[in-house]
Amino acid sequence: MIRWILSLLCVLLIFSSTVPAWAQDIQAPEFTEELLQQGDEIARKAFEATDRGDFAEAEEYWTQIIEMFPTNPAAWSNRAILRLSQNKIDSALTDLNEAIALAPNAADPYLNRGIVYEAKKEWQKAIADYNRVLAIDPDDALAYNNRGNAKAGQQDWEEAIADYQKAADLDPNFAFARANYALALYQTGKVKEAERTIRNLVRKYPMFPDMRAALTAILWEQGQQGEAESNWVAAVGIDNRYQDLNWVKNTRRWPPLMVTALEKFLKID
């Protein structure tokens, strides 16, 4: 389920600069400068709590902000992301529907709602929301990557590959888009191209556990046990969740063939 959490934790606390968010409401006479300053301070605490991984506390802060600024779409969208991180999927969806009602022409609430629909495995609804984002901003790399994830959820691997490649081309530093591209290549039998892409990512980002673990699985299948073990030590030293196949399959959402390859390694290891 939590592939969407990976995206969420990387990028999806939207409108992270609070000043523009509050500026949307400045025209309302009841929003005094003092109230705006209070909102900024609470938002700062919310982001600090998020950085600590205390999502429940951060959610409480955004609830306070919503009570102060009920027509602020950023506040609703940010609380939705915190609720999603706690697996409060339906509550997150409610918040994002409110954010979209308040800001129907803003891209970020649609992007975040697409993530919620992915969590619910409602792939077509997720794709529709990502399409809305791309209609607003045709160069949104994250929307392409996330649409690729939703298409992968439908097993539409070739279309997923195209979206991942577009995301990576738009943002060459978007490592997860390139990683998703490599994993999807492996799923479609393009093993050599997948391996080459994964090795390039490991070379560029040596602390990237996802690709270290993927390279482990590929190398093990090829009988290159020493190099496989070396990459595995690096992967789990950075993130030990890759030892949990259920997490890899349902949270990170690796493609089935890559999950199977890693399973072969783990059974012997």
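A few remarks follow.
- The simple Förster model, with R0 at 35 Å and r as the Cβ-Cβ distance, assigns residue 32 and residue 135 a FRET efficiency of 0.40.
- C-alpha long axis of helix 225-238 to longest principal axis of the chain, angle in °: 20
- Taking 29 Å as the limit for the C-alpha separation, the pairs 190/264; 121/192; 151/204; 192/264 exceed it in the case of 121/192.
- The modelled label-to-label distance between residue 48 and residue 105, using points 7 Å beyond Cα along the C-beta direction, is 3.7 nm.
- Rounded D (µm²/s) - segment 52-95, Kirkwood Rh over Cα pairs, Stokes-Einstein at 4 °C, 1.567 mPa s: 128
- Centroid-to-centroid separation of segment 197-269 and segment 77-143 [C-alpha atoms, Å]: 30
- Using a simple spin-label model with pseudo-atoms 7 Å out from Cα toward Cβ, residue 121 and residue 188 lie 2.4 nm apart.
- Segment 159-225 - convex hull of the alpha-carbon atoms, volume per residue in Å³: 73
- The phi-based Karplus calculation (6.51 cos²θ - 1.76 cosθ + 1.60; θ = phi - 60°) puts the 3J(HN,Hα) values of segment 47-59 at 5, 5, 5, 5, 4, 7, x, 8, 5, 5, 5, 4, 4 Hz, whole numbers, x for Gly and Pro.
- Normalised contact order of the chain, rounded percent, pairs of Cα under 8 Å and 6 or more residues apart: 13
- Whole-angstrom Cα spans of segment 122-197 along principal axes, big to small: 36, 26, 14
- The angle between the Cα long axis of helix 89-102 and the main principal axis of the chain comes to about 50°, on a 0 to 90 degree scale.
- Rg and Dmax, both from the Cα atoms of segment 82-140 and both in Å, are 10.9, 31.
- Between the helical axis of 157-170 and the longest alpha-carbon principal axis of the chain there is an angle of about 60 degrees.
- Taking each residue as 0.36 nm, the span from residue 243 to residue 154 lengthens on full extension beyond its C-alpha to C-alpha distance by 29.5 nm.
- Model label sites at residue 251 and residue 224, defined 7 Å from Cα along the beta-carbon direction, differ in position by 2.8 nm.
- Within the chain, helix-based [θ] at 222 nm, where runs of 4 or more DSSP H residues each add -39,500 (n - 2.57), nearest 500: -23500 deg cm²/dmol
- Rg/Rh ratio calculated on Cα atoms of the chain (Kirkwood radius): 1.03
Coordinate-derived values only; no laboratory data. Quick caveat: nothing in here was measured; it's all calculated off a predicted structure. Here the Cβ is made from the backbone with ideal geometry for all residues, glycine too, and neighbour counts use every protein chain on show.
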